[in-house]
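Report on one structure; see the data block that follows.
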Amino acid sequence: MRSSLDPYRIREEFPILRQKVRGGKPLVYLDNAATSQKPQVVIDSLTRFYSEDNASVHRGVHALSERATLAYEEARRSVQRFIHAAEAREVVFVRGCTEAINLVAQTFGRQRLQAGDEILLTEMEHHSNILPWQMVCAEKGARIRVVPINGRGELDMEAYARMLHDRVKLVAVTHVSNVLGTINPVREMIAMAHERGIPALIDGAQAVPHMPVDVQELDCDFYAFSGHKMFGPTGIGALYGKAALLEAMPPYQGGGSMISLVTFDRSTYAPIPQKFEAGTPNAADAVGLHATIEYLEGIGMEAVAEYEHELLEYATHTLERVQGVRLIGTAREKASVISFEMEGVHPHDIGTILDQEGVAVRVGHHCCQPLMSRLGVPATVRASFAIYNTREDVDRLADSLARVREVFG
Ligand code: PLP
């Protein structure tokens, strides 16, 4: 049975996709794991905010400030609803997933880590879920340990079970790999960590745009994601944290909005989430994120996941038949990301020829250099799909790869 989602109707809502590139070729945008395009309703929400409501939130007594504050806090409630958090104060607005993880590393990490402690990551982590931990580990004399993957790009769960011991102070794992597409069994991993009293942070950058996420059902302690990968504005994202943990954490940055009382000797802090939102917040993009969430709720995340799964299967079968293509990442549970290489052709050359055909893919290490080392490749070509991609897009990709074969023989 085919999914009920109509990608052709959805495409019409994304003005950027109407354009032609490289001498009149219709654009095929397959770089959604890097950033997604924006529907008109999201673009309009930004224009409306700046045209009608723009003011500094939380601090003003005037009409505009009151409206902007209301819109900003409504946006927070929309995130709460979307990820099924228990309370709106468990949602901290940040610039994106990277800032969310840095926030946890610099507050929770610095507070809790001691020499000899360990943080468990996996071989498929994005640099955003490596560097923040490396920095705090260097400061505290703690160390990173890495859960290995198998040849399909799935986590070795037996190794994970063995590595969970008393020195581990946090498990930080990606929900979906941005290179392999693997959907990790995070619910099970969190439960296993919790059995030993170890908290878990989930990097949801590649999950939230593609499937329903329920942080209470997952029982994760922290969940991080970016707005721009889920059809929302750039520069806004969210950190979910369980209220008790957020309350016990020291602030991340100091400044306006995050205080209760300030003297030159000492200060007290605002309650969560304001404690973590120093400075004038990015209210406009929070409002844009709210519009994005309503847009996705209108489609339904179950429908999104179902449609993208069908498209992934079609793309996998199609690309497997292209001569010389080797897929990288064949996990049994996968989201709509396909990495591959082509015998005898450098990924950058593939990317350049595809671009000439109007097909936008990503080539490189995808901010996963340790994963590239593990896979023994310098780079991959990555096609990542979203709700506006169609089977025709997949066919255009395959035809363009045939063109690469012609050029390189
Ligand atoms: N984690 C994963 C798995 C990602 O794919 C990305 C972005 O590519 C990030 C984290 C970082 O997201 P951002 O650059 O929006 O902060």
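Using only the alpha-carbon atoms, how far is helix 301-320 inclined from the longest principal axis of the chain? Give it as 0 to 90 degrees, nearest 10.
30 degrees
Roughly how tilted is helix 391-408, in degrees to the nearest 10 and between 0 and 90, from the longest Cα axis of the chain?
So the inclination is approximately 60 degrees.
Mind checking which of F93, F264, F385 has the largest fluctuation in a GNM of the chain, springs on alpha carbons under 10 Å?
F264
From the P(r) of the stretch 301-373, could you give the percentage of C-alpha pairs in the tail past 22 Å? Walk me through the numbers on the way to the answer.
On the way: 753 of 2628 pairs.
In whole percent, the long-distance tail amounts to 29.
Got a number for carbon plus sulfur as a percent of the chain's accessible area, 1.4 Å probe? Walk me through the intermediate numbers first.
On the way: 8640 of 17260 Å².
Of the solvent-accessible surface of the chain, carbon and sulfur hold 50 percent.
Looking at the P(r) of the stretch 1-146, how many percent of alpha-carbon pairs lie beyond 25 Å?
Above the 25 Å cut-off, the stretch 1-146 has 57 percent of its Cα pairs.
At 1.4 Å probe radius, can you tell me the per residue accessible area of the chain in Å²? Don't skip to the answer; put the middle values down first.
Working: 17260 Å² over 409 residues.
The answer is 42 Å² per residue.
Restrict the search to the stretch 73-140; then list the GluC sites (Glu not before Pro) that DSSP places in a loop and that have at most 15 other Cβ atoms within 10 Å of their Cβ.
Working: sites: E73, E74, E87, E90, E99, E118, E123, E125, E139; in loops: E87, E123, E125.
Hits after loop and neighbour filter: E87.
Largest first and in whole Å, what are the equivalent-ellipsoid semi-axes of the stretch 43-298 based on the Cα gyration tensor, each being the root of 5 times an eigenvalue? Before the final figure, lay out the partial values.
Working: eigenvalues 206, 101, 38 Å².
Three semi-axes, in Å: 32, 22, 14.
Name the long-range amide H neighbours of I236: under 5 Å, sequence gap of 5 or more, or other chain; modelled H, no Pro or chain starts.
The list, which skips near neighbours in sequence, is G227, H228.
With point charges of +1 on the Cβ of Lys and Arg and -1 on the Cβ of Asp and Glu, referenced to the Cα centre of the chain, which listed residue (I10, A379, F222) lies farthest in the positive direction of the dipole?
Of I10, A379, F222, it is A379.
Provide, in order from the shortest bin, the percent of all Cα-Cα pairs of the stretch 252-409 in each 5 Å bin, continuing until the bin that contains the maximum pair distance.
All Cα pairs, binned at 5 Å, distribute as 2, 7, 13, 14, 12, 10, 9, 9, 7, 6, 5, 3, 2, 1, 0 percent.
What is the helix-to-structure angle for 63-83, meaning the angle in degrees between its Cα long axis and the longest Cα principal axis of the chain, kept from 0 to 90 and rounded to the nearest 10?
60 degrees
Only Lys, Arg, Asp and Glu count, each charged at its Cβ (+1, +1, -1, -1), so figure out the dipole size of the chain about its Cα centre, rounded to 20 debye. Please list the in-between numbers first.
Values: 42 positive and 52 negative charges, 152 e Å.
For this selection, approximately 740 debye.
The values are calculated or read from the model by the stated rules, or taken from the named source; none is laboratory data. What you see is a predicted model; the values in this text were computed from it and never measured. Heads up, the Cβs are rebuilt from the backbone with ideal geometry, glycines too, and the neighbour counts pull from every protein chain shown. Note: accessible area is taken over every heavy atom of the protein model, side chains too, but ligands, DNA and RNA are not part of it. Shrake-Rupley method; radii C 1.70, N 1.55, O 1.52, S 1.80 Å.
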